[in-house]
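The structure appears below as structure tokens.
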Amino acid sequence: MEDQDREFMQVAIDLARKGMNSNDGGPFGAIIVKDGKIVGQGNNRVTSTNDPTAHAEVVAIRDACKNLNTFQLDDCVIYTSCEPCPMCLGAIYWARPKRIVYGCSRQDAANIDFDDDFIYQEIPLPVADRSIPTEQQFQENAVKVFEEWAAKVDKTEY
């Protein structure tokens, strides 16, 4: 591990501890680094904001994107105190950083009752077999917006 990785990981871990001790949410912290500088940071704020998406990585991504005035985190590294859950991993992939560095594993998280395994099990299931009933309706109307997007000449692609 590079010294810089160790230093930045410690910042993420310290954010996790600070957020936990402030009762913001669970014991998770994340930072985003570009060119050796922290450009975004966050800790879990699920319970304090009543937002199930306010995981440390998502909070840090939002902060970095705001600070960098961009929707992609090219050339950035995400340091997170724990292996990202499926939601955070999806957000990270959409943000397109160059690397992820994490501390605890998802098994470490499961050991303290943060078990995302049920989500991992749901993802490969056919939609009809998932535990939350899901159905497609009104595709013929919804797809019209997609067609308009495809024809839009002044869109910002991502």
Can you tell me the dipole magnitude for the range 70-128 around its Cα centre, using point charges on the Cβ only (Lys, Arg +1; Asp, Glu -1), in Debye to the nearest 20? 320 debye
Note down the magnitude of the dipole of the chain about its Cα centre, charges +1 on Lys and Arg C-beta and -1 on Asp and Glu C-beta and zero elsewhere, to the nearest 20 debye. 460 debye
Please report the net charge: other residues with Cβ closer than 14 Å to the Cβ of G19, K and R +1, D and E -1. -2
Over the chain, calculate the relative contact order: mean separation of alpha carbon pairs under 8 Å at least 6 apart, over the residue count, as a percent. 16 percent
Could you tell me which of rounded, prolate or oblate describes the range 1-105, using a ≥ b ≥ c as the square roots of the eigenvalues of the alpha-carbon gyration tensor, with rounded for a/c under 1.5 and, failing that, prolate when a/b is larger than b/c and oblate otherwise? oblate
Size of electric dipole in the range 1-82: Cβ of Lys, Arg +1 and of Asp, Glu -1, about Cα centre, debye, nearest 20: 320 debye
Write out the cysteines belonging to the chain for which the nearest other cysteine Cβ is not under 4.7 Å, or none if no such cysteine exists. C65, C76, C85, C88
So what's the back-of-envelope 222 nm ellipticity for the chain, counting only DSSP H runs of four-plus at -39500 (n - 2.57) apiece and dividing by all residues, rounded to 500? -13000 deg cm²/dmol
Order the peptides 123-134, 12-23 from the highest to the lowest mean number of other Cβ atoms within 10 Å of their residues. 12-23, 123-134
Lys and Arg at +1, Asp and Glu at -1: neighbours of Y79 with Cβ under 13 Å from its Cβ sum to -1
Using a probe radius of 1.4 Å on heavy atoms only, what accessible surface per residue do you get for the chain? Whole Å² is fine. 67 Å²
Mean Kyte-Doolittle hydropathy of -0.5 or higher plus an axial Cα length of 24 Å or more: which whole DSSP H helices in the chain meet both? none
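The values are calculated or read from the model by the stated rules, or taken from the named source; none is laboratory data. In this text the structure is predicted, and so the values were computed from the model without any measurement. When we count neighbours, we look across all protein chains shown, and the Cβ atoms used for this are built from the backbone with ideal geometry, even at glycine. Each accessible area value is taken on the protein alone, full model and side chains, heavy atoms only, with ligands, DNA and RNA left out. Shrake-Rupley method; radii C 1.70, N 1.55, O 1.52, S 1.80 Å.
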